[in-house]
Number of protein chains: 2
Amino acid sequence: MDVVRSRRRRLFQALQKLGADFPVALWSGRAPAKNFPANRHYFRANSHFLYFAGLGIENAVIVMDAGSDRTTLFWDEPGPDDALWHGPEPSRDQVAAAVGADDARALGDVYKFIDGGASIYLPDPGARLAQEAVLGRSLSTSPEPEGIDGVLAQAIVEVRLRHDEFAIAEIKKAIAVSIQTHKLGIQSTKNSQLESHVCAKMEEVIYGNQCGTAYNSIVTIAGEVLHNNCYHNPLGRDDLLLADVGAETALGWASDITRTWPVSGKFSPTQKALYDVVLDAHDQGIAAVKPGADYREIHLLVSCVLAGGLVDLGILKGNPESLVDSDAHALFFPHGVGHLMGLDVHDMEDLGDVSGYGPGRVRSDRFGLGFLRLSRILEPNMVVTIEPGFYQVPAILNNSEWRDRYSEMVNWDRLADFSDVRGIRIEDDVLVTETGNEVLTADLPADTDSIEGLMLR
Amino acid sequence: MDVVRSRRRRLFQALQKLGADFPVALWSGRAPAKNFPANRHYFRANSHFLYFAGLGIENAVIVMDAGSDRTTLFWDEPGPDDALWHGPEPSRDQVAAAVGADDARALGDVYKFIDGGASIYLPDPGARLAQEAVLGRSLSTSPEPEGIDGVLAQAIVEVRLRHDEFAIAEIKKAIAVSIQTHKLGIQSTKNSQLESHVCAKMEEVIYGNQCGTAYNSIVTIAGEVLHNNCYHNPLGRDDLLLADVGAETALGWASDITRTWPVSGKFSPTQKALYDVVLDAHDQGIAAVKPGADYREIHLLVSCVLAGGLVDLGILKGNPESLVDSDAHALFFPHGVGHLMGLDVHDMEDLGDVSGYGPGRVRSDRFGLGFLRLSRILEPNMVVTIEPGFYQVPAILNNSEWRDRYSEMVNWDRLADFSDVRGIRIEDDVLVTETGNEVLTADLPADTDSIEGLMLR
């Protein structure tokens with residue numbers, strides 16, 4: 001409770017700095033229905049609400065008033081029938097106490113308390129409608145909040161960018177579960193025939209620990225499909241299995257880990273060669289994480305290490321820096337090196353680049369930079385992922401325009417020697433400290449020897 | 001493809017019988033976003049779309065025209081960037097072929113083809129808005145479709161009430177996975193400390209078999225909370241564990257099974273006594289399922305068997321029929337004996353009582369009947385659940401109004417002897433055949449000896 005009060009105080013200060021004195025209303029959201037109202041997806045509260053209220057209760061609003069330094073909870077107790085179906089629920093006063101609210105009122109009264117107030121819209125269009133009705137105005141549908149909502153977004157980013165101790169402890173909890181998850185995934189591969197078998201084993205660890213998945217798990221032999229959420233492929237002995245799986249705690253704090261391992265238990269020489277290039281990029285990227293470092297430069301550094309490794313293997317030709325300048329690395333590493341992590345796996349991505357991009361920075365339209373989600377000077381208590389990869393994406397490599405553009409820089413014949421690698425990614429979560437960084441996921445090894453060792457168990 | 005064509009033909013005939021000749025548009029829906037657009041709940045297509053299109057593709061519409069006997073698919077192929085993130089997708093023509101559509105067009109063109117057409121609204125308010133924009137009119141927000149949409153709902157119910165062979169085969173697939181799931185849940189209890197451990201083990205079977213959960217799993221020692229979706233309780237040696245868990249196939253066909261077992265591996269004498277009452281009601285309910293039987297009467301029969309059993313145990317006092325007439329059974333069995341099952345676990349519940357209640361029938365406001373979801377004359381190829389239970393719900397048993405009303409009918413002192421029973425439910429899925437019924441879930445035993453035997457393994 002002290003935690004959320006201190007967060008709210010910091011929000012008020014951030015708003016004040018921006019010259020803003022409007023009240024702020026945050027909605028928790030509702031579980032969306034699947035086929036009919038009684039059959040719902042599980043409830044995941046909006047992250048801004050979770051951050052400033054500290055608990056995820058459905059269909060609630062908090063109004064925070066910087067002027068009076070007061071927070072009011074708006075929430076209706078479920079009807080008497082509800083106890084039969086969903087068990088006893090806390091009272092409004094109990095919820096208000098848990099939230100550290102100064103006052104508690106009926107949900108229907110919100111509109112009386114947010115005259116001229118700002119909000120962040122929920123991603124669900126139906127929920128946004130309800131917000132608009134209460135606020136008495138339209139919310140922007142552009143990717144980034146505008147007007148007073150844009151000012152609020154800036155203030156929220158200012159507060160949420162650097163994590164407090166409570167948040168870091170929660171992230172560590174999520175990571176501990178994810179490490180167990182990955183170890184079991186690696187170990188259970190030898191007894192699995194399908195991607196779905198490994199994925200289900202991994203998620204069992206997450207659910208058994210009363211966590212949720214921070215994002216839809218990726219467990220696939222088709223690692224070149226970056227957000228692959230199908231699990232139907234059989235595991236072939238020559239395949240690499242890429243698993244990008246992370247738990248989130250009951251309070252919504254995320255973790256985000258990727259490992260790639262050989263189904264057979266043994267990397268082939270070509271797999272090991274490419275894996276070690278990615279690992280080197282990963283290690284050098286992590287080493288560069290520290291206060292004052294520019295995350296965009298870390299992305300370029302990692303790209304350069306990758307390009308250099310591919311030159312050494314004879315896949316790329318030329319000087320690593322020039323290859324990166326011409327985006328040749330992006331043929332094989334088309335995404336960014338990572339992102340902020342916190343209550344969202346891509347923290348505050350709902351605010352567009354207000355969160356990921358520092359003042360005055362805009363997304364590049366370069367092939368090798370356009371997917372970079374984070375471009376900021378790093379500060380203590382930020383948590384970022386470092387996740388380089390190597391992929392052979394048919395949609396990229398068979399694109400005749402790109403083949404022409406990079407014809408001099410790629411040795412396609414040599415590349416063909418590495419056909420047993422579809423996708424490799426190695427991803428860890430890194431806390432920026434006062435003096436450097438702490439790899440929060442360090443207990444899960446990433447080198448090929450350790451991974452092969454885990455598979456023997 | 002022949003299956004969906006035949007379903008559409010039956011829909012056209014049903015519409016014709018109702019004197020309707022409007023075109024019908026069905027939307028598949030979209031996966032709802034969690035915190036930001038790139039982080040979504042998994043996609044579950046709308047059941048009516050799934051039924052008549054035969055596959056669950058996101059953001060598609062089919063328009064079925066009874067007059068011309070033609071079906072048109074409206075769907076946009078993902079952009080080129082999409083292949084990087086989500087892998088290669090089928091072309092519009094490939095999807096149209098899979099759906100057996102006569103024509104395929106851009107999603108934006110739907111509005112040109114459904115002038116005066118009817119639809120069923122999606123449960124998501126944002127999705128409904130999009131439907132309204134395309135249809136050029138408002139869709140009813142009452143629980144049941146109205147106007148031409150109400151006529152369409154009637155026709156859909158007429159077609160979907162009785163399952164075709166393909167559907168029954170899919171339901172059997174889902175049930176086979178659910179039976180494995182429950183067996184593992186029963187067996188893994190001895191090595192589990194928390195509800196979440198058993199739940200995660202059970203869901204691992206579902207996900208490993210590339211199925212989804214047909215509804216949010218209930219795995220709880222607090223069986224008296226009917227739709228309990230929390231899993232944090234420790235398993236006590238004296239507890240009964242109630243698991244209501246069902247798989248749905250990749251095409252969305254459901255199963256729905258409940259078993260209740262003792263954490264210790266052995267029912268106590270009081271647990272066994274009450275369990276056998278519920279089992280007797282369950283068996284007699286199933287025996288009554290046949291063509292021509294009135295499902296409402298089965299509910300009352302089951303209630304009567306329960307009441308009789310409770311009289312025998314000294315918990316209720318009086319004549320079973322009169323006890324049921326006065327709803328005394330509902331103190332301990334407050335829900336209905338079951339529901340339709342198909343593509344939805346409560347099949348077509350999005351259509352309100354148009355699906356569950358036969359012509360001229362309306363919900364009772366009686367305590368013991370108001371939650372009955374199905375009141376129809378049974379016909380061959382319907383699938384229903386039979387799921388009696390016994391619960392000690394504090395919100396009911398401590399309600400002073402009810403305690404007064406039923407003071408003469410309940411022996412509260414005797415009830416106190418059964419304090420180690422919070423909730424028992426036994427649920428099976430039953431296909432109505434030409435001559436009687438087939439218990440589709442028969443391979444999962446329900447008697448106490450068999451359950452104790454499974455726990456020994």
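For the reader, a short list of remarks on this structure follows.
- Its Kirkwood hydrodynamic radius, worked out from the mean inverse distance over all distinct Cα pairs, puts segment A:352-403 at 13.6 Å.
- At 7 Å out from Cα toward Cβ: A:D447 inter-copy label distances (nm, ascending): 6.1
- Positive-end extreme of charge dipole, segment A:165-456 - chosen from A:P334, A:G453, A:G358 (charges on Cβ): A:G453
- Magnitude of the charge dipole for the protein assembly as shown, about its Cα centre and with charges confined to Cβ atoms of Lys, Arg (+1) and Asp, Glu (-1), is about 120 debye.
- Take every DSSP beta bridge whose two residues both sit in segment A:2-160; close to 70 percent of them are antiparallel.
- Label-point spacing at A:G19 relative to the other copies reads 6.8 nm, in ascending order, each point sitting 7 Å out from Cα along Cα→Cβ.
- Under the combined filter of DSSP loop state and at most 11 neighbouring Cβ atoms within 10 Å, segment A:406-457 retains none of its chymotrypsin sites (Phe, Trp or Tyr not before Pro).
- Summing +1 for each Lys or Arg and -1 for each Asp or Glu among the other residues whose beta-carbon sits under 11 angstrom from that of B:D244 gives -1.
- Taking Lys and Arg as +1 and Asp and Glu as -1, the other residues whose beta-carbon sits under 14 Å from that of A:D344 total -2.
- Coarse-grained scattering of segment A:131-201 at q = 0.18, 0.20, 0.22, 0.29 Å⁻¹, given as base-10 log I(q)/I(0) from a Debye sum over alpha-carbon atoms: -0.79, -0.85, -0.93, -1.19
- Where the Cα pairs of segment B:221-318 fall when distances are cut into 5 Å bins, in %: 2, 11, 15, 17, 21, 16, 11, 5, 1, 0
- Stokes-Einstein D (µm²/s) once Rh is taken as the Kirkwood radius of segment A:83-213 over alpha-carbon pairs, at 37 °C in 0.692 mPa s: 170
- Antiparallel bridge percentage (DSSP; both residues within segment B:168-456; nearest 5): 95
- Cα convex hull of segment B:10-122, projected area averaged across orientations, nm²: 7.6
- Zero-based 10 Å bins, Cα pair distances in the protein assembly as shown, whole percents: 2, 11, 19, 23, 22, 15, 6, 2, 0, 0
- Under 17 Å of direct C-alpha separation, and excluding same-chain neighbours fewer than eight residues apart, A:K266 reaches these aspartates and glutamates: A:D238, A:D239, A:D276, A:D420, A:D447, A:D449, A:E452.
- Residue-averaged beta-carbon neighbours from other chains (10 angstrom radius) around A:218-228: 2
- Sorted shortest first, the distances from the A:P88 label point to those of the same residue in the other copies are 5.9 nm; each point sits 7 Å from Cα along Cα-to-Cβ.
- Cα centre as origin, Lys/Arg/Asp/Glu Cβ charges: segment A:227-384 dipole, Debye: 280
- Per residue Cα convex hull volume in Å³ - calculated over segment B:62-136: 114
- Selection from B:P32, A:G29, A:V345, by position along the positive dipole direction of the protein assembly as shown (Cβ): A:V345
- Kirkwood-type radius of chain B, with distances r between different C-alpha atoms, in Å: 23.5
- Length-normalised contact order of chain A in % [C-alpha pairs under 8 Å, at least 6 apart]: 15
- Space enclosed by the convex hull of the alpha-carbon atoms of segment A:10-63, per residue, Å³: 80
- On a per residue basis, the convex hull of the C-alpha atoms belonging to segment B:309-457 measures out at 161 Å³.
- Net charge contributed by nearby residues that have their C-beta within less than 10 Å of A:K183 (K/R +1, D/E -1): +1
- Longest segment of chain B lacking GluC sites (Glu not before Pro) that sit in a DSSP loop with at most 16 other Cβ atoms within 10 Å: B:147-407
- Entry note, segment A:2-160: relative contact order of 26 percent, from Cα contacts under 8 Å with a spacing of 6+ residues.
- Taking the charge dipole of the protein assembly as shown about its Cα centre, with +1 at Lys and Arg Cβ atoms and -1 at Asp and Glu Cβ atoms, the residue from A:N59, B:N46, B:A442 reaching farthest to the positive side is B:A442.
Since every read-out is calculated from the coordinates, none of them should be taken as a lab result. All values reported here derive from a predicted model rather than from experimental measurement. Here the Cβ is made from the backbone with ideal geometry for all residues, glycine too, and neighbour counts use every protein chain on show.
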